[in-house]
1. I need every pair where a residue in region 44-67 that is in contact (Cβ under 8 Å) with a residue 60 or more places away in the chain and on the phi < 0 side of the Ramachandran plot has its Cβ under 6 Å from the Cβ of a residue that is of a type outside the set (Val, Ile, Thr) and part of a helix (DSSP H, G or I), sequence separation at least 6 or different chains.
2. Quick check, is Arg64 of a type in the set (Lys, Arg), over 18 Å from the mean Cα position of the chain (by Cα) and within 27 Å of Arg107 (Cα to Cα)?
3. Taking the criterion of being without any contact (Cβ under 8 Å) to a residue 24 or more places away in the chain and of a type in the set (A, V, I, L, M), would at least one residue in region 17-31 satisfy it?
4. So which of Glu187, Glu179 ends up being of a type outside the set (A, V, I, L, M) and crowded, with 21+ Cβ neighbours inside 10 Å?
5. Restricting region 190-201 to residues that are among the aliphatic types (A, V, I, L, M) and either assigned to a helix (DSSP H, G or I) or over 15 Å from the mean Cα position of the chain (by Cα) (or both), which is surrounded by the fewest Cβ atoms within 10 Å (Cβ to Cβ)?
6. Starting from region 85-100, keep only residues that are farther than 12 Å from Gln137 by Cα, then list their pairs with residues that are surrounded by fewer than 14 Cβ atoms within 10 Å (Cβ to Cβ) whose Cβ atoms are within a distance under 6 Å, requiring at least 6 positions of separation or different chains.
Amino acid sequence: MILEIKTIDTFYGLGHILHGLSLGVEQGEVVALLGRNGAGKTTTMRSITGLTPPRKGAIRYKGRDIAGLDPHRIAQAGIALVPETRGIFSYLSAGENLAIARRKASRWQMDAVLERFPVLKERLHHKGHELSGGEQQMLAIARALLTGPDLLLLDEPSQGLAPMVVNDVMSTIRELKSERVSMLLVEQNAEMAVALADRVYVIDHGTVVFEGTPQRLRAERQITATYLGVGG
């Protein structure tokens, strides 16, 4: 297992957000983390990356406990986050945003990334704030790949995007899945996430309420209706 989270408790100040949360990602697996707004999905991502470290529990990456490490150490270990906000430097060009993330040891180098995202090749000299939402999302994913991650964390990659652009993002994730890239996907669009995932977790109030295959989740009408607002 490339990532194993064991009974973590994470707080924002006095606010207790994650309550004994446990989940795992196998090598080469795409795992979807679903739940309503405020369920604790982004806090889970922040716990993994060290931005909001858990106060209790363990987070093991390739067998090593990384809970409490500085975020840059976790990134150097091979975990890359594509944040919900995308995190683009708005007054740097697309090319500059990519250049600062390059690592010689990465299996994804600049030429390969631009071949995967041809729209970026045409927009390299445009500032981050001049890019569309879809272009910014592609730039955020491309930048993460340039760091050479063994585990990719995607936080709401379809948020705010037009349906056609969402399809492009899905295609990119499918391609990475075919290359056996391990991914943890947080996504409000449950249908999109279930279509991409090998396994699914549903959380509510910082606690796992479902774990299983996409097929099993589709059969659990009460879970989808209660915790995802889907079906009935």
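Bear in mind that the values in this text are calculations on the coordinates, not laboratory data. It should be emphasised that the depicted structure is a prediction, and the values quoted were computed from it without experimental measurement. FYI the Cβ positions are ideal-geometry reconstructions off the backbone, even for glycines, and counts take in every protein chain you see.
1. Thr49/Pro71
2. Working: of a type in the set (Lys, Arg): yes; over 18 Å from the mean Cα position of the chain (by Cα): yes; within 27 Å of Arg107 (Cα to Cα): yes.
It is true that Arg64 is of a type in the set (Lys, Arg), over 18 Å from the mean Cα position of the chain (by Cα) and within 27 Å of Arg107 (Cα to Cα).
3. Residues of region 17-31 that are without any contact (Cβ under 8 Å) to a residue 24 or more places away in the chain, as a first pass: 24.
Among the residues that remain, those that are also of a type in the set (A, V, I, L, M) are: none.
Scanning region 17-31 turns up no residue that is without any contact (Cβ under 8 Å) to a residue 24 or more places away in the chain and of a type in the set (A, V, I, L, M).
4. Numbers: Glu179 fails: crowded, with 21+ Cβ neighbours inside 10 Å.
Checking each option against the conditions leaves just Glu187.
5. Among them, the one singled out is Ala195.
6. Listed pairs, sorted by first residue: Ser90/His129; Ser93/His125.
Results for (1) hydroxyl-bearing (Ser, Thr, Tyr); (2) assigned to a loop (DSSP other than H, G, I, E, B); (3) farther than 23 Å from Ala144 by Cβ; (4) touching a strand residue (DSSP E or B) at 6+ places or on another chain (Cβ under 9 Å), shown as yes or no for each residue.
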| position | (1), (2), (3), (4) |
| --- | --- |
| Ile5 | no, no, no, yes |
| Ile17 | no, no, yes, yes |
| Asn37 | no, yes, yes, no |
| Leu51 | no, yes, no, yes |
